[in-house]
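What follows is one structure encoded as structure tokens, with my remarks underneath.
The values are calculated or read from the model by the stated rules, or taken from the named source; none is laboratory data. The model shown is predicted, which means the values in this text are computed figures rather than measured ones. Reconstructed Cβ throughout: ideal geometry from the backbone, glycine too, with neighbour counts over all protein chains shown. In case anyone asks, the SASA skips ligands and DNA or RNA and just uses the protein heavy atoms, side chains included. Shrake-Rupley method; radii C 1.70, N 1.55, O 1.52, S 1.80 Å.
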There are 2 protein chains.
Amino acid sequence: MIHDLTLSDVLSEHARSRPATTAVVDGDLRLTYPQLDARVSRLAGALAGRGVTAGERVLWLGQNSHAVLELLLACSRLGAIFCPANWRQAAGELRFVLADLEPRVVVWEHSETTAALAPGTGPVEAGAPEAVAGGSAPGAAAGFAEVGRAASWVRAGEEYEEFLAFGEMHDFPPVADTLPVLALYTAAFAGRPNAALLSSAALVAHSSSLLVVRQMEPDFTFLANGPLFHVGTMMFCLATLQIGGTNVFMPAFDAEELCRLVDAEKVTQAFLFGQMIDAVVAANSGGKYDLSSLRFVAHSAEWDEMTTPDDSPWCRSKMGGYGQTEVGGMLTFLGLAPGAAGFAGRPSPLVQVRILAPDGAELPPGEVGEICARGKSLFSGYFARPDLNAAKGAYGWHHTGDLGRRESDGTITFIGPKLRMIKSGNENVYPAEVERVLKAHPAVADAAVIGVPDERWHQAVKAVVVPRPGETITEQDLIEHVRTTLAGYKKPREVVFAEAVPKKGFTPDYDALDEQYGGGGYPGV
Amino acid sequence: MIHDLTLSDVLSEHARSRPATTAVVDGDLRLTYPQLDARVSRLAGALAGRGVTAGERVLWLGQNSHAVLELLLACSRLGAIFCPANWRQAAGELRFVLADLEPRVVVWEHSETTAALAPGTGPVEAGAPEAVAGGSAPGAAAGFAEVGRAASWVRAGEEYEEFLAFGEMHDFPPVADTLPVLALYTAAFAGRPNAALLSSAALVAHSSSLLVVRQMEPDFTFLANGPLFHVGTMMFCLATLQIGGTNVFMPAFDAEELCRLVDAEKVTQAFLFGQMIDAVVAANSGGKYDLSSLRFVAHSAEWDEMTTPDDSPWCRSKMGGYGQTEVGGMLTFLGLAPGAAGFAGRPSPLVQVRILAPDGAELPPGEVGEICARGKSLFSGYFARPDLNAAKGAYGWHHTGDLGRRESDGTITFIGPKLRMIKSGNENVYPAEVERVLKAHPAVADAAVIGVPDERWHQAVKAVVVPRPGETITEQDLIEHVRTTLAGYKKPREVVFAEAVPKKGFTPDYDALDEQYGGGGYPGV
């Protein structure tokens, strides 16, 4: 017990250590750490009153909100598990989540989709038993209708405030920090998404590594404008909590509102990349808002002038590294490997990385294998997926499902998802490698590479290329461009031109690409 | 297993991630991380050959050396416990350590004291059973003679190199990071010192907090010139290991040699305070050495010119905070609380602090109680002290034995050791508080406060004051100075002037002061 530190414990300490610090800003709501702590205790009491005990699940169906952090912390106080669902999902997908996770309490924001799901407002009210998408899931044995009825549904806003206000504050007994506290749905295996479970210990460890690499200090103010159901935003929200900073919530990205909030709250960092930054620059073209509190990586002349350059390893050259939900966020950081050969940098100070062969043997530098990991920030497995968990943890190492290589300087290169490896002849081709070469061509704006079935070679390499506006380029130019850089078997057999590459977050949506351009036959699938 | 990260694991990762980085410099010896990793595996094999299995102890009797880090890491690889003993101790004190810890292997540097202890070189050789100092210790049941004979004694230098060279490299099985790996002897309770046991998990967590507050990066080079048997030096050595930096070892502080090493190795930080800094400035008065790689806190005009100011929270204002071996090093940091009311700053991001009454109840801000803690960096108890461990962990909180106060801004003030609280009339007087006021007087160079037995008031406050050279000051001046600042019962009844205050490390040696100036009657003892 003396060694445990749950997210709830972090809050309890801040409530004492930082009585005057603003913990949360969301619209008109401003909470100091003691106020947040008191609300979380009430909320935990209210959840306990609805049957949320250790190990039970609480689901959030809505956009970004202070309630996401409050529910997470209240679940931590109870030893329960909180899941912020991707509210952009279709009704069928959310039904799967409900059936899979079997939450005791659902807190929901009104939308066409959620209203159709909530008892008393939609078709479930009629009492008709409904089919559950992906009903073969172990956790999905109960039909959605029963699940929906078993859970308490609390509508966000006034109803949530009332629910919270009537919660009883207890002296909650200590909770082990190895218990899962956060469930984030992530990559699908065998056709269904899986909820990665992260313990307080893992989240606290991951926050520590972000604090080190981002050099976060107690005056850090994070604007959660990216989706909190993704680890990329959640990890900064939690690191900000850990160091005792301020979390500002906005429901979703809006360039003008973001500028206003950065100015008003003196935001240190927001979740901004590429085109979002361009949108912010455009929204603030007149210099109406003071964005100088943002400490950021260089992007464009206008952006660099509006913001303050950050010299922490996180921002010093290229942001980021390699990560996934299952490792708590980031596994490797570019900032820990300036001038590195590997495209993903070096591991966080709190993990180990190995490149393993399928038989569990470690591969020497230069050879491609699966990126595997151990360490303090790793997840506790997927909710209710014993077989998958055993496979992912083979040989005592978490198998990321991604291929990578240790370079001779010790840094890591991310090659691409194992399932997307292309087999052409007897050779392995990794889409990411070919994509990098294609995107380095001055006339190419974006590119994605897939494998298409081929009678003679098993698969052939096919590239989908988005030319830069005003540039002319031929299929033969691009094939030749790749041929001069990579081994001959890696060059595309075919190049098609497109308006855009379909995306899933920051990465190409390979399922959509395969469907549209005839991909298939991957040996790993 | 997937979540474990031992010190040995940290080294294993660096051996892969940083193949060209210098891990260790000690005299002519330079080791890259792969070289250090290979030596540690051989050393672990050699130790295993002498019966060092999980839980067994290995003792170092010598000054600072790369061997200290190697032995620690080899013990981590085996699940064993390493103790670097205070080699400055007298023979009787070292005999106590030997009998208390019952090490399997002792690695020793030759000195008059250690030679007298090592079998084959001193009185033990004669076979006479010797009395064991502190023989009442649970771990001290065996006489020293037997202990000394049971252990393998390996002399540092050539014999150690040979021992290591013949070690067999194994694939060592995974070790849980919750096992103790480092034993540091610390404050005496009930008249005998106790070995605080720190696990890999605690040390890795503490390193993380130092990495955050000191903003350490992979190019960090630490010069271990302070004693490695104290947590103050060891904690920076381990944080440097954690981030993949370079540890430079020197046997003991020597101003000129320190300058040479800083220049040659581009040292980022050494273990330097007060008069040591003055000695370094004097040794480098001609500017012979380039010390600009040192990133340090301001000290004097000459020092500031020789070094580079560091803007990390650790160095920004006043260095440090409150700590002790039992919390892994630092519990609170001044750098996390700029402008704070409390003299010790705010807790590390990985711990919780509570000010508790003797009955375990939490005290409100402004009230003095015992500083208690929980968190990731805390120790695992003392070696072979079940009763003391139960007392120190009462109510599920580690009791530091020090009194403190939570200020209204949430920061912590360290008041002084519980055992040194003075009871005068019905009032509590804390020496550190009175000392601070005395030392604030412009004519005072140093001061210490003790309690002397008093028939009427139980104890009376007595101050030992060192005047600044050339200053004249009277007892009455000083009593009046305290009276105008603190409550009347806190003013010294008597002030004596002295040449120096006897010290134990950085703090007054209160035992010596009591003996010399008639102190006693403390209610906490």
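If the condition is being within 12 Å of another protein chain (Cβ to nearest Cβ) and under 24 Å from the mean Cα position of the chain (by Cα), then the range B:407-425 contributes B:THR411, B:ILE412.
Count of the range A:426-438 residues, restricted to those that are surrounded by 22 or more Cβ atoms within 10 Å (Cβ to Cβ) and assigned to a loop (DSSP other than H, G, I, E, B), is 1. Is there a residue being closer than 30 Å to B:ALA337 by Cα and either without any contact (Cβ under 8 Å) to a residue 40 or more places away in the chain or within 14 Å of chain B (Cβ to nearest Cβ) (or both) anywhere in the range A:63-71? For the range A:63-71, residues closer than 30 Å to B:ALA337 by Cα and either without any contact (Cβ under 8 Å) to a residue 40 or more places away in the chain or within 14 Å of chain B (Cβ to nearest Cβ) (or both): present. In the range A:311-322, the residue that is modelled with the lowest pLDDT out of those that are open to solvent by less than 10 Å² (accessible area, probe 1.4 Å) and out of contact with any Leu (no Cβ under 7 Å at 6 or more places or on another chain) is A:CYS315. One residue is enough: does the range B:7-28 have a residue meeting the conditions out of contact with any strand residue (DSSP E or B) (no Cβ under 6 Å at 6 or more places or on another chain), open to solvent by 10 Å² or more (accessible area, probe 1.4 Å) and more than 14 Å from every other protein chain (Cβ to nearest Cβ)? Checking the range B:7-28: at least one residue is out of contact with any strand residue (DSSP E or B) (no Cβ under 6 Å at 6 or more places or on another chain), open to solvent by 10 Å² or more (accessible area, probe 1.4 Å) and more than 14 Å from every other protein chain (Cβ to nearest Cβ). If the condition is being surrounded by 15 or more Cβ atoms within 10 Å (Cβ to Cβ) and among the charged types (D, E, K, R), then the range A:380-396 contributes A:ARG385, A:LYS392.
Could you pull out the residue among B:ALA224, B:ALA195 that is within 14 Å of the chain's Cα centre (by Cα) and over 21 Å from B:HIS66 (Cβ atoms)? The unique qualifying residue is B:ALA195.
For the range A:282-298, the set of residues classified as farther than 24 Å from A:ILE243 by Cα, open to solvent by 20 Å² or more (accessible area, probe 1.4 Å) and in contact (Cβ under 8 Å) with a residue 24 or more places away in the chain consists of A:ALA282, A:ALA283, A:LYS288, A:TYR289, A:ASP290, listed by residue number. No other residue among B:LEU486, B:LEU513, B:LEU478 is aliphatic (A, V, I, L, M) and closer than 14 Å to B:VAL452 by Cβ apart from B:LEU513.
Residue check: is B:ALA67 within 22 Å of the chain's Cα centre (by Cα), at pLDDT 95 or above, of a type in the set (Gly, Ala, Ser) and over 15 Å from B:SER200 (Cβ atoms)? Steps first, answer last, please.
Values: within 22 Å of the chain's Cα centre (by Cα): yes; at pLDDT 95 or above: yes; of a type in the set (Gly, Ala, Ser): yes; over 15 Å from B:SER200 (Cβ atoms): yes.
It is true that B:ALA67 is within 22 Å of the chain's Cα centre (by Cα), at pLDDT 95 or above, of a type in the set (Gly, Ala, Ser) and over 15 Å from B:SER200 (Cβ atoms).
Scan the range B:193-203 for residues that are out of contact with any Lys or Arg (no Cβ under 8 Å at 6 or more places or on another chain) and within 14 Å of chain A (Cβ to nearest Cβ) and jot them down.
Our first condition is that a residue be out of contact with any Lys or Arg (no Cβ under 8 Å at 6 or more places or on another chain); within the range B:193-203, this holds for B:193, B:195-200, B:203.
If the condition is that a residue be out of contact with any Lys or Arg (no Cβ under 8 Å at 6 or more places or on another chain) and within 14 Å of chain A (Cβ to nearest Cβ), then B:ALA196, B:LEU197, B:LEU198, B:SER199, B:SER200, B:LEU203 are the ones that fit.
Can you list the strands (runs of 3 or more DSSP E) found entirely within the range A:21-89 that contain at least 3 residues being closer than 16 Å to A:VAL106 by Cα? Output list reads A:57-61, A:81-84. So, in the range B:218-251, how many residues would count as being in contact (Cβ under 8 Å) with a residue 60 or more places away in the chain, among the aliphatic types (A, V, I, L, M) and either in contact with a Gly (Cβ under 8 Å, 6 or more places away or on another chain) or within 19 Å of B:GLN63 (Cα to Cα) (or both)? Adding up the residues that qualify gives 8.
B:GLU257 satisfies every condition listed in (1) closer than 30 Å to B:ALA20 by Cβ; (2) in contact (Cβ under 8 Å) with a residue 12 or more places away in the chain except (2).
Within the range A:1-17, work out how many residues are acidic (Asp, Glu) and either in a loop (DSSP other than H, G, I, E, B) or out of contact with any Asp or Glu (no Cβ under 9 Å at 6 or more places or on another chain) (or both). Looking only at that region, the number is 2. Among the residues of the range B:323-339, those that are in contact with a helix residue (DSSP H, G or I) (Cβ under 9 Å, 6 or more places away or on another chain), open to solvent by 10 Å² or more (accessible area, probe 1.4 Å) and more than 10 Å from chain A (Cβ to nearest Cβ) comprise B:GLY323, B:GLN324, B:THR325, B:MET330, B:LEU334. Within the range A:258-274, the set of residues being open to solvent by 10 Å² or more (accessible area, probe 1.4 Å), in a helix (DSSP H, G or I) and at pLDDT 95 or above comprises A:ARG260, A:LEU261, A:ASP263, A:ALA264, A:GLU265.
Restricting to the range B:359-379, name every residue that is assigned to a strand (DSSP E or B), in contact (Cβ under 8 Å) with a residue 40 or more places away in the chain and open to solvent by less than 10 Å² (accessible area, probe 1.4 Å).
Start the filter on the range B:359-379 by keeping residues that are assigned to a strand (DSSP E or B), which leaves B:362, B:368-375.
Adding the requirement that they be in contact (Cβ under 8 Å) with a residue 40 or more places away in the chain leaves B:368, B:370-371, B:373, B:375.
Result: B:ILE371, B:ALA373, B:GLY375.
Of the residues in the range A:88-101, not one is closer than 19 Å to A:MET250 by Cβ, within 21 Å of the chain's Cα centre (by Cα) and crowded, with 24+ Cβ neighbours inside 10 Å. Please go through the range A:388-425 and give me each residue that is assigned to a strand (DSSP E or B), touching a residue at least 60 places away in the same chain (Cβ under 8 Å) and hydrophobic (A, V, I, L, M, F, W, C), ordered by number. Within the range A:388-425, A:ILE412, A:PHE414, A:ILE422 qualify. Please give the number of the condition A:LEU182 fails out of (1) open to solvent by less than 10 Å² (accessible area, probe 1.4 Å); (2) within 13 Å of chain B (Cβ to nearest Cβ). For A:LEU182, the failing item is (2). Only one of the listed residues (B:HIS481, B:HIS399, B:HIS441) is touching a His at 6+ places or on another chain (Cβ under 6 Å) and either aromatic (Phe, Trp, Tyr) or open to solvent by less than 40 Å² (accessible area, probe 1.4 Å) (or both). That residue is B:HIS441. Only one entry in A:HIS230, A:HIS206 is open to solvent by 10 Å² or more (accessible area, probe 1.4 Å) and more than 8 Å from every other protein chain (Cβ to nearest Cβ), namely A:HIS230. Inside the range B:233-257, residues that are within 14 Å of another protein chain (Cβ to nearest Cβ) and at pLDDT below 95 make up a count of 0.
Residues that are more than 13 Å from chain B (Cβ to nearest Cβ) and either among the small types (Gly, Ala, Ser) or within 19 Å of B:ASP310 (Cα to Cα) (or both) within the range A:302-316 comprise just one, A:PRO309.
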